[in-house]
Amino acid sequence: MLDRHDMITRRKHIDIPEFYVGSVMAVTINDPNATGRSSRFVGICIQRMNRGLKSNFTLRNVLDYQGMEIMYEMYCPVISSIETLRLEKRLDPHLLYLRDARPEYSTFPMDMEPELIAEDAPVPINDVKVKMIDGDWDKSWERQELKGIDLSGLTELQKRMALKRKTPDYVQYDLMKEYRSTLPEEDQEDIYREIAPHYPALVASQRKFRRRKLAGDA
């Protein structure tokens, strides 16, 4: 309850936009040591962890042929703005395998402009198959049943090892799997009743952020 209260309070002071793993984003933080006392980083979201007040996301970009990743605490007060420059989803729950992919899949200009889509349009799904670098990988990505990797170049041994690591048959009969990943309905109702009085203020805050952004673009 205390975490939700802090999250609602924070959302009244910063616009946290819709985004997913695979979205290209820009985050600006207050940095007293940077020019203008702020620094901005652009990158693709390769991982998002939803943990209430401790929720975080990781952005990746390749700058000067060097891969860079920054993990941001979503509700950190140091963050002054979060922007979604390209809203889209990918086929996998994470894109950590981009660390072993060709650089072009993680390279984005730091001055990238937002790509606008209609509010009622469905979120685009990018079904690109990422080509990996030759040589040793950081992890055995081929064994994780990831859909966004081009595995056409695997050896027969790698393919056999990948088959051994497939999801065990017993998982489909795991009666507790859904319970562990979702809240009981009665708990959800209590949370909705707690949040409902704050909803109009949150909507007003979001409208204020959008008006401020449109005025700045104009």
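The values are calculated or read from the model by the stated rules, or taken from the named source; none is laboratory data. Note that the structure is a prediction, hence the values are computed from the model and not measured. Every residue, glycine as well, gets a Cβ built from its backbone with ideal geometry; the counts of neighbours run over all protein chains shown. Please note that ligands, DNA and RNA were not included when accessible areas were found on the heavy atoms of the full protein model with its side chains. Shrake-Rupley method; radii C 1.70, N 1.55, O 1.52, S 1.80 Å.
Computed values, structure above
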{"read-out": "Max mean-square fluctuation residue, GNM over the chain, Cα-Cα springs under 10 Å, options PRO200, PRO109, PRO184", "value": "PRO184"}
{"read-out": "Segment 69-145, accessible surface, carbon-and-sulfur percent (1.4 angstrom probe)", "value": "51"}
{"read-out": "Rounded accessible area per residue of the chain, 1.4 Å, Å²", "value": "68"}
{"read-out": "Cβ-defined net charge surrounding LEU202, 9 Å radius [Lys, Arg +1; Asp, Glu -1]", "value": "+2"}
{"read-out": "Net charge of neighbours whose Cβ lies under 10 Å from the Cβ of ASP3, counting Lys and Arg as +1 and Asp and Glu as -1", "value": "+2"}
{"read-out": "Amide H within-cut-off set for VAL130, under 5 Å, with H built and near neighbours excluded", "value": "ILE149, ASP150"}
{"read-out": "For segment 170-207 versus segment 51-100, the gap between their alpha-carbon centres in whole angstrom", "value": "24"}
{"read-out": "Table column - 3J(HN,Hα) (Hz), segment 119-134, Karplus curve with 6.51, -1.76, 1.60, x for Gly and Pro", "value": "4, 8, 7, x, 5, x, 10, 8, 9, 4, 9, 6, 8, 8, 6, 7"}
{"read-out": "Net charge of Cβ neighbours under 9 Å - reference ASP127; Lys, Arg +1; Asp, Glu -1", "value": "+3"}
{"read-out": "Cα coordinate range in the chain, projected on the principal axes (Å, largest first)", "value": "57, 49, 35"}
{"read-out": "Net charge dipole size for the chain [Lys, Arg +1 and Asp, Glu -1 on Cβ; Debye, nearest 20]", "value": "260"}
{"read-out": "For segment 88-147: Kirkwood Rh in Å [reciprocal of mean 1/r, alpha carbons]", "value": "13.7"}
{"read-out": "Rounded to the nearest 10 Å², the accessible area of GLU178 at probe 1.4 Å", "value": "130"}
